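**Q** Below are the structure tokens for one structure; questions will follow.
The values are calculated or read from the model by the stated rules, or taken from the named source; none is laboratory data. All of these numbers come straight from a predicted model, not from anything done at the bench. Note: ideal-geometry Cβ built from the backbone for every residue, glycine included; neighbour counts use all protein chains shown. Accessible surface areas use protein heavy atoms only, side chains included; no ligands, DNA or RNA. Shrake-Rupley method; radii C 1.70, N 1.55, O 1.52, S 1.80 Å.
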Amino acid sequence: MNARFVLALGLALSTASCGGDGVFTDVGGPPPDPGPTLAVVQSTVLTPHCAVSGCHGPPAPEQGMDLSVRMTYPSTVGVDSTELSGFKRVAPGNAADSYLYMKIAGDPRIAGDRMPFGGTLTAAEIDSVRAWIDAGAKDN
């Protein structure tokens, strides 16, 4: 009798979590924000501030790091830093130890000057780069 009660209770609870059509409905709110995409970071930060001639844009990007559209991902993600050994330019999931982030955030471990040269990014711009890297630095 106890087994039947447990089974009936289990069925009742599982049915209660379903909508009227038998499909589970999530009442926990909107889906989580996937974080910034590379396309957003590219258009709001990298293209206007970094991927310019004489810096990290064509025809001769500094340090061989081309931050122009369609070149950022292959030039940064999983690529060793040429300026400071032991770091990746972008280490997916780890902005704090990604040299690109360190350079724009002014991390004391960097070699040379904080980037972008001749100015700084806003806190929101820096945070969007950090969030993209921490979210896995996807090519999206």
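**Q** Condition first: assigned to a loop (DSSP other than H, G, I, E, B), crowded, with 18+ Cβ neighbours inside 10 Å and touching a Phe, Trp or Tyr at 6+ places or on another chain (Cβ under 7 Å). Now tell me which residues in segment 104-140 satisfy that.
**A** none
**Q** For segment 56-95, which residues satisfy the criterion of being outside any loop (DSSP other than H, G, I, E, B), in contact (Cβ under 8 Å) with a residue 24 or more places away in the chain and open to solvent by 60 Å² or more (accessible area, probe 1.4 Å)?
**A** Across segment 56-95, the qualifying residue is only Y73.
**Q** Have a look at D26, D80 and point out the one that is at pLDDT 90 or above and of a type in the set (D, E).
**A** Details: D26 fails: at pLDDT 90 or above.
D80 is the lone residue from the list that is at pLDDT 90 or above and of a type in the set (D, E).
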